[in-house]
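The values are calculated or read from the model by the stated rules, or taken from the named source; none is laboratory data. This is a predicted model, so every value here is computed, not measured. Cβ atoms come from the backbone with ideal geometry, glycine included; neighbour counts cover every protein chain shown. These area figures cover heavy atoms from the full protein model, side chains too; ligands, DNA and RNA do not enter into them. Shrake-Rupley method; radii C 1.70, N 1.55, O 1.52, S 1.80 Å.
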Amino acid sequence: MSLRSPLARVRGLGAAGSGVQHWWVQRVTAIALVPLCIWLVVSLLALPSLDFVTLVSWMAGTWTASLLVLLVLTASWHSSLGIQVVLEDYVHDHGMKAVSLVLSSFIHVVIAVAGSFAVLRIAFGSP
Amino acid sequence: MPQRPLSPHMTIYRMTRYSLLSSFANRATGIGLSLGLIVLVYWLTSLARGAHAYVRAQSILASLPLKVLYALLLAAFSYHLIAGIRHLVWDTGRGMERSQSQKSAWLVIGCALVLALALIACALRAREGV
């Protein structure tokens, strides 16, 4: 066994082969979520009511629909990365860890797709 | 199976210092907000399925347990937001000294508490009678 690492491995890619990508994406999505979440909370509180007609006309706006899609996608991505770390840390059984990580990925992709599709469907006037 | 290093278990830490609890609370609120994301998407999909589906979903979404959940989610959002900003400041290399992190831990809980109460008060006023 050589004590010297090949160049590719000392370039910061680490054992997982992906380097600091996970850490970096978690930070970038966090920064994006700060204004997006504040916008959503303020918008929802500012709406006169939460009935169907009010909400659909609110979500028909180009900016509202765009920001909602961005929020759903960014939040799903950030949540996926966060839950992944928690599962990796606290599920010690190897089989259960693999199963729970795959399940978490699937659920997050479903949430991202269903949420975006719902917003677009309302924005394009289908319901 | 080789004995690989594991993340240190909770019990190994001294939980007397608030800064450790604050890190744990950031994870806990993060998990809570992930559940909130599911509720948000359920709300969006029920809207997308039309007026009748939305009225049916409202019987769940506007129920008392869910209203309590929204208050908890607003509190979790407040904490995770402020604590997340603290993490972003740490990422720049600032505020890492023990005394500084003890101070910022208290600053985070204070700001989060004020923000949470303000948001819940706004929500109660905006949604009076809903």
* Within the bounds of the range B:29-43, is there any residue that is in contact with a Phe, Trp or Tyr (Cβ under 8 Å, 6 or more places away or on another chain), at the interface with chain A (Cβ under 9 Å from one of its Cβ atoms), assigned to a helix (DSSP H, G or I) and loosely packed, with under 15 Cβ neighbours inside 10 Å? -> no
* Structure fact -> When restricted to B:Leu119, B:Leu61, the only residue within 14 Å of chain A (Cβ to nearest Cβ) and in contact (Cβ under 8 Å) with a residue 40 or more places away in the chain is B:Leu119
* Asked: Any residue in the range A:81-92 that is outside any helix (DSSP H, G or I), away from chain B (no Cβ under 11 Å) and on the phi < 0 side of the Ramachandran plot?
  -> no
* Asked: In the set B:Leu74, B:Leu119, B:Leu40, B:Leu64, which member is more than 18 Å from the chain's Cα centre (by Cα) and of a type in the set (A, V, I, L, M)?
  -> B:Leu64
* Structure fact -> Going through the range B:24-52 in order, the residues found to be farther than 22 Å from A:Ile107 by Cβ and free of Cβ contacts under 8 Å to residues at least 12 places away in the same chain are B:Gly50, B:Ala51, B:His52
* To do: Look through the range A:44-79, keep the residues that are open to solvent by 30 Å² or more (accessible area, probe 1.4 Å) and within 15 Å of the chain's Cα centre (by Cα), and return whichever of them is nearest to A:Val28 (Cα to Cα).
  => A:His78
* Asked: Does the range B:1-28 hold any residues that are surrounded by 10 or more Cβ atoms within 10 Å (Cβ to Cβ), part of a helix (DSSP H, G or I), modelled with pLDDT under 75 and hydroxyl-bearing (Ser, Thr, Tyr), and which are they?
  -> B:Tyr18, B:Ser19
* **Any chance B:Ala126 is open to solvent by 30 Å² or more (accessible area, probe 1.4 Å) and under 23 Å from A:Trp58 (Cα atoms)** => yes
* Conditions (1) open to solvent by 70 Å² or more (accessible area, probe 1.4 Å); (2) at the interface with chain A (Cβ under 10 Å from one of its Cβ atoms); (3) within 18 Å of A:Val42 (Cα to Cα): number failed by B:Ser78 -> (1)
* Asked: Among all residue pairs at least 6 apart or on different chains, which show Cβ distances below 7 Å where the first residue, located in the range A:59-76, is more than 12 Å from chain B (Cβ to nearest Cβ) and farther than 14 Å from A:Phe117 by Cβ and the second is among the small types (Gly, Ala, Ser) and open to solvent by less than 50 Å² (accessible area, probe 1.4 Å)?
  -> none
* To do: Go through A:Val72, A:Val99, A:Val53 for me and flag whichever is closer than 23 Å to A:Gln21 by Cβ and assigned to a helix (DSSP H, G or I).
  => A:Val72
* Residue satisfying all of: in the range B:46-69; in contact with a helix residue (DSSP H, G or I) (Cβ under 6 Å, 6 or more places away or on another chain) and more than 17 Å from A:Ser49 (Cα to Cα); surrounded by the fewest Cβ atoms within 10 Å (Cβ to Cβ) among these -> B:Ala53
* To do: Only residues that are of a type in the set (Gly, Ala, Ser) and open to solvent by less than 40 Å² (accessible area, probe 1.4 Å): list them for the range A:80-109, please.
  => A:Ser80, A:Gly82, A:Ser100, A:Ser104
